[in-house]
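The values are calculated or read from the model by the stated rules, or taken from the named source; none is laboratory data. Keep in mind that what you see is a predicted model, and the values were worked out from it rather than measured. A quick note on method: Cβ atoms are made from the backbone with ideal geometry, for glycine too, and the neighbour counts reach across all protein chains shown. These accessible areas exclude ligands, DNA and RNA; they are computed on the full protein's heavy atoms, side chains included. Shrake-Rupley method; radii C 1.70, N 1.55, O 1.52, S 1.80 Å.
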Amino acid sequence: MMYYSRLRLLGVAGICLIGVLLCLPNFLRSPTPSLPWRQIHLGLDLRGGSYLLLQLDLKSLEHDRLQSLQDQVRQTLLDHSLGYRDFVRDDASASLSFAPRSDAERAAALKAMQSLPPVVPNEFTTSEKDGRIVLTLQHEAMLARAREAVAQSIEIVRRRIDATGAIDPSIAREGDDRIVVELPGVSDPERIKSLLGTTARLTFRLLAPNPSVASPGSTMLEDESMHTQVAVQDHVDVDGTDLTNAGAVIDQQSGGWAVTFQLNSAGATAFANVTRANVGKRFAIVLDNKVIEAPNIISPITAGNGQITGGFNARSASDLALLLRAGALPAPLSVVEQRTIGPSLGAASIRAGIISLLTGLLLVIVFMVLFYGRFGLYADIALFANLILMVGILSLFQATLTLPGMAGMLLTLGMAVDANILINERIREEVKRGRGPLQALQAGFDRATGTIIDSNATAFLAHVMLFVFGTGPVRNFALTITIGIVTTLFTTLLLSRLLVVRWYALARPKELPV
Amino acid sequence: MLSRPLFRFVRDDRRINFMRGRHMGLIVSAVLSIASVILFFQPGLKLGLDFRGGIIVEAQTPGPADFGKLRAALDHAGIHPDAVQAFGSPRDVRISINAPEGADREAQTQKLVDGVKNAISAAEPGTQVLRADAVGASVSSELFRDGLLALGFSLAMILVYIWVRFEREFAISAVVTLILDLTKTIGFLAITRFEFDLVMVAALLTILGYSTNDKVVVYDRIRENLRKYRTMPLRELLDLSINETLNRTLGTSMTVFLAALPLALFGGSTLTGFATVMLFGIVVGTSSSIFIAAPLLLLMGEKRLRKETNAG
């Protein structure tokens with residue numbers, strides 16, 4: 001219909017107004033903190049900063065779980081007074097196996113294994129092979145564990161990064177076993193990389209009775225302070241998860257740097273029990289499978305606090321304290337991708353991007369007026385509204401704008417004009433066929449609409465695919481174009497049509513300017 | 001000034017016999033595409049960091065860069081870069097290292113990038129690091145796979161959509177035309193030695209999207225004319241449809257071209273390659289809408305399309 005109801009008119013005007021309002025936070029300061037003030041975030045390529053992609057070590061997660069499962073299996077067999085021999089742990093196939101003491105106990109042992117509580121559903125399978133009972137960790141379940149571990153790691157990574165004073169970091173999961181860290185303004189991420197690369201798993205364990213050779217139930221670990229290998233029991237007496245606080249201090253006796261720690265009541269009780277029972281023996285303070293120090297227990301430690309001295313300097317002591325306060329990662333993380341943009345390059349990019357964006361826009365505007373006259377001008381107004389709506393929606397989603405995103409915006413504007421061109425050419429054809437102005441307008445709009453929807457739908461589908469399967473810059477590009485297609489449909493099918501209709505109603509021209 | 005358009009691309013009553021040149025168009029297109037496929041294998045694309053893995057550090061030294069000194073400093077640090085080269089101004093240095101081999105290569109890659117930064121800052125105090133990227137080998141192969149996947153799925157979606165909305169002949173000739181467009185663009189990339197990275201994948205996909213858009217508009221008109229002129233031979237009908245949509249085809253190409261042109265000229269290092277490839281794609285996409293997509297339809301659907309519309 002060539003008639004716009006008042007409601008529809010208000011609707012279109014209202015949406016444009018909302019678009020303007022949504023854009024405002026990008027240019028103004030928030031008047032009161034209570035107002036939702038949503039802005040577009042500038043991507044790292046525009047503001048400078050570092051991007052790190054961290055990979056969770058699945059193997060280590062599997063290894064740890066196999067270790068704890070092994071303890072569980074032994075304990076369960078002991079509780080049921082079932083015997084076993086030839087216990088084998090195979091990290092390569094992620095399985096444990098043992099032979100029951102006698103055939104009579106086989107069924108009971110199998111039943112006991114099947115009743116072991118899994119940490120996640122279907123964590124492991126229990127089977128019988130060549131007279132042995134085999135427990136195998138399932139890959140799917142390990143991936144589920146990895147997802148959990150990633151969720152925990154994100155929290156810890158955030159705490160560690162916040163402690164460095166980085167401003168406005170963004171930390172997010174990617175896929176099953178990865179974390180993306182974005183650090184705006186950080187142009188030298190070396191310290192953060194080393195902080196994140198440390199698992200910071202602190203354990204207190206007793207040394208093996210004979211610390212120079214590994215015996216069952218103990219492992220040879222590197223002693224960093226002595227530069228030797230020392231056998232440490234696998235059994236963990238007190239764990240870093242019981243830490244409540246840690247800090248870097250100067251040791252009163254030696255004058256060097258040390259890290260003090262405070263345990264919670266459960267940790268303090270465990271610590272007191274162990275130290276009371278083992279006075280005169282040595283215990284090891286182990287950080288990520290390396291012994292920091294292995295002092296003698298002189299007297300029971302009951303207050304639940306202590307001090308680690310291990311050849312620290314000011315930086316390494318405060319870093320360790322920071323790591324201990326933030327907590328240990330459930331599995332090691334390693335950096336697999338790093339991208340750093342210096343601040344000067346970011347500023348240059350944004351300038352170049354904005355200049356070319358504006359120039360492109362100007363060229364398109366001039367072209368439209370020259371080739372399509374009055375209707376071209378209306379198309380330009382619609383184009384401007386389109387830009388505002390795009391920026392508004394991106395602000396609403398608090399989306400990130402990168403250089404490829406800006407290019408996507410510009411291309412959307414180029415393509416948006418296409419819809420207007422289709423309409424104009426169609427109206428022109430109808431006029432040539434001898435229709436009157438009103439009929440030509442109506443037929444032109446109606447016929448062009450089908451074509452516009454077809455062409456935009458294909459572009460929409462293609463870019464949704466791009467958004468789903470793409471990564472990083474490609475995703476951002478696809479997002480802006482997908483949003484752009486929606487705003488284009490609105491501005492061309494409703495707004496520019498409204499402008500033409502209003503003009504026609506007011507001017508009542510004898511012929512159309514096409 | 002607003003009462004009449006000041007310019008038109010072609011007069012409305014102009015009828016160009018495009019179908020006459022259809023064999024020529026198809027042959028030229030096929031030859032160019034075959035040449036592009038050969039270029040794709042030899043010399044091949046210059047893979048960017050995203051897909052190759054490795055390290056790129058770009059730095060700006062306080063004075064004109066002393067390459068000998070920088071190389072010596074890197075050498076001293078035990079780093080053997082694959083290239084130390086100038087880019088942009090004489091103060092700008094780009095150091096690139098291919099992904100290290102071996103079991104521990106992910107960790108090695110990350111260590112190297114810090115090593116490079118430290119070595120050049122020590123050699124030339126006051127050096128500003130503009131960009132430091134390190135992509136591990138496993139990530140780069142995944143990015144490559146994802147990029148191809150995105151490309152493949154987009155093509156498939158286009159095929160399905162046109163199939164549903166139009167007919168089989170339209171869908172197949174559209175996708176064949178798109179593949180011809182795509183191969184030429186890849187040939188263009190191989191010749192110009194622009195780095196093929198994730199942003200380029202986005203460029204290829206935009207070209208695809210734009211080119212599809214163009215074909216859909218022409219096909220839409222062909223479909224409309226098939227219903228309107230039931231007795232007109234397909235060849236004439238295709239010519240008529242192309243001519244009727246010619247002003248629109250050229251107009252839209254022109255606006256997209258104008259929008260991308262400033263980016264290609266002064267968009268900065270990231271966007272220049274992207275926009276230049278876009279410009280090439282716009283030209284290829286527009287010409288293939290006229291010279292390839294419609295003739296293919298004639299070749300495939302001469303009997304079938306006419307019969308079906310007669311029956312329906």
Subject >> In chain B, lysine pairs closer than 20 Å at Cα, eight or more apart or cross-chain >> reply: 6
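With a 1.4 Å probe, how much accessible area is buried between chains B and A, both sides summed, in Å² to the nearest hundred? Could the numbers behind the result be given before it?
Values: alone 16420 and 26410 Å², together 36280 Å².
Chains B and A together bury roughly 6600 Å² of accessible area.
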Original post:
Given A:270, B:246, B:231, which one lies farthest toward the positive end of the charge dipole of the protein assembly as shown, if we put +1 on the Cβ of every Lys and Arg and -1 on the Cβ of every Asp and Glu?
Top reply: B:231
Subject >> Reach of residue A:432 by Cα under 15 Å, taken over aspartates and glutamates that are not fewer than 8 positions away in the same chain >> reply: A:511, B:12, B:13, B:244
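By the scheme Lys and Arg +1, Asp and Glu -1, what is the net charge of all other residues having a beta-carbon under 11 Å from that of residue A:459? Can you show the working numbers first?
Numbers: positive: none; negative: A:418, A:454, B:214.
With Lys, Arg at +1 and Asp, Glu at -1, the net is -3.
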Subject >> Charge sum, other residues only, whose C-beta stays under 14 Å from residue B:91's C-beta, Lys/Arg counted +1 and Asp/Glu -1 >> reply: -2
Original post:
Counting pairs of alpha carbon atoms under 8 Å apart in space and at least six apart in sequence, what relative contact order in percent does the stretch B:1-146 give?
Top reply: 31
Original post:
Looking at the stretch A:342-436, which trypsin sites (Lys or Arg not before Pro) are DSSP coil and have at most 15 other C-beta atoms within 10 Å of their C-beta?
Top reply: A:433
Subject >> Rounded accessible area of residue A:51 (nearest 10 Å², 1.4 Å probe) >> reply: 50
**OP:** Give the accessible surface of chain A per residue, rounded to a whole number of Å², with probe radius 1.4 Å and ligands, DNA and RNA excluded.
**Re:** 45
Original post:
Which of the listed residues, A:280, A:255, A:313, is farthest toward the dipole's positive end in the stretch A:226-319, when Lys, Arg count +1 and Asp, Glu count -1 at the beta-carbon?
Top reply: A:280
Original post:
Once the piece of chain linking residue A:288 and residue A:6 is laid out straight, how much longer is it, given 0.36 nm per residue of separation minus the C-alpha distance between them?
Top reply: 94.5 nm
Original post:
Leaving out ligands, DNA and RNA but keeping every protein chain, what accessible area does residue A:234 have, in Å² rounded to the nearest 10, with a 1.4 Å probe?
Top reply: 50
**OP:** For peptide B:238-251, compute the average count of partner chain beta-carbon atoms within 10 Å of each residue's beta-carbon.
**Re:** 3
Subject >> Surface per residue (accessible, 1.4 Å probe) for the stretch B:112-182, Å² >> reply: 37
**OP:** For residue A:128, list long-range residues whose amide hydrogen, built 1.01 Å from N in the peptide plane, is under 5 Å from its own amide hydrogen.
**Re:** A:134
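Order B:55, B:172 by their accessible area, 1.4 angstrom probe, all chains in place, largest first.
Working: B:55 0, B:172 60 Å².
If we order B:55, B:172 from most to least accessible, we get B:172, B:55.
Based only on the alpha carbon positions, what is the Kirkwood hydrodynamic radius of the stretch A:34-191, in angstrom? Before the final figure, lay out each step's value.
Working: mean 1/r = 0.0531 Å⁻¹.
Value: 18.8 Å, from the Cα pair sum.
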Original post:
So what does residue B:299 come to for accessible area, using a 1.4 Å probe and Å² rounded to 10?
Top reply: 110
Original post:
For chain A, with the dipole built from +1 on Lys and Arg beta-carbon atoms and -1 on Asp and Glu ones, taken about the Cα centre, which of A:49, A:9, A:385 lies farthest toward the positive end?
Top reply: A:9
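Treat every Asp and Glu Cβ in the stretch A:96-167 as -1 and every Lys and Arg Cβ as +1, leave all other atoms uncharged, and give the resulting dipole magnitude about the Cα centre to the nearest 20 debye.
Values: 10 positive and 9 negative charges, 33 e Å.
Here the stretch A:96-167 has a charge dipole of around 160 debye.
Only sites in a loop by DSSP and with at most 14 other Cβ atoms within 10 Å count here; which trypsin sites (Lys or Arg not before Pro) in the stretch A:163-222 make the cut?
Details: sites: A:173, A:178, A:191, A:193, A:201, A:205; in loops: A:201.
When the trypsin sites (Lys or Arg not before Pro) of the stretch A:163-222 are filtered for loop state and at most 14 Cβ neighbours within 10 Å, nothing remains.
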Original post:
Convex hull over the Cα atoms of the protein assembly as shown, averaged projected area in nm²?
Top reply: 46.9
Original post:
Using a 1.4 Å probe on the protein chains only, how many percent of the accessible area of the stretch B:98-229 belongs to carbon and sulfur?
Top reply: 63
Original post:
What number, in nm² with one decimal, is the all-direction average of the projected area of the convex hull of the alpha-carbon atoms of chain B?
Top reply: 21.2
Original post:
What part of the accessible area of chain A, given as a whole %, is carbon or sulfur when the probe is 1.4 angstrom?
Top reply: 59
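Treat every Asp and Glu Cβ in the protein assembly as shown as -1 and every Lys and Arg Cβ as +1, leave all other atoms uncharged, and give the resulting dipole magnitude about the Cα centre to the nearest 20 debye. It would help to have the intermediate numbers written out before the result.
Working: 80 positive and 74 negative charges, 842 e Å.
It works out to roughly 4040 debye.
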Subject >> DSSP bridge pairs, chain A: antiparallel proportion in percent, nearest 5 >> reply: 95
Original post:
Between residue A:244 and residues 5 or more places away or on another chain, which pairs have amide H atoms under 5 Å apart, with H built 1.01 Å from N, and which residues are they?
Top reply: A:262, A:263, A:264
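Could you work out the helix-only [θ] at 222 nm for chain A, with each DSSP H run of four or more residues adding -39,500 (n - 2.57) and the total divided by the number of residues, to the nearest 500 deg cm²/dmol?
Using -39500 (n - 2.57) per qualifying helix, the result is -17500 deg cm²/dmol.
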Subject >> Residues with amide H under 5 Å from that of residue A:84, placed H, sequence gap 5 or more >> reply: A:101
**OP:** Compute the acute angle (0 to 90°) between the alpha-carbon long axis of helix B:105-123 and the principal axis of greatest extent of the alpha-carbon atoms of chain B; round to the nearest 10°.
**Re:** 60
Subject >> Low-density loop cleavage sites - GluC sites (Glu not before Pro) in the stretch B:135-210, where at most 16 other Cβ are within 10 Å (DSSP) >> reply: none
Original post:
In degrees between 0 and 90, to the nearest 10, how far off the longest principal axis of chain B does helix B:67-76 point, with axes built from Cα atoms?
Top reply: 70
Original post:
Which of the DSSP-defined H helices in chain A satisfy a minimum axial length of 30 Å, computed from C-alpha atoms, and a minimum mean Kyte-Doolittle hydropathy of 1.6?
Top reply: A:343-396
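How big is the dipole moment of chain B about its Cα centre under a simple scheme where the beta carbon of each Lys and Arg is +1, that of each Asp and Glu is -1, and everything else is neutral? Debye, nearest 20, please.
Values: 34 positive and 29 negative charges, 350 e Å.
Computed charge dipole of chain B: roughly 1680 debye.
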**OP:** Pop out the ³J(HN,Hα) list for the stretch B:86-93 in order, Karplus 6.51 cos²θ - 1.76 cosθ + 1.60 with θ = phi - 60°, rounded to Hz; leave Gly and Pro as x.
**Re:** 8, 8, x, 7, x, 8, 8, 10
Subject >> Net charge, residue A:399 excluded, C-beta distance under 11 Å - Lys, Arg +1, Asp, Glu -1 >> reply: +2
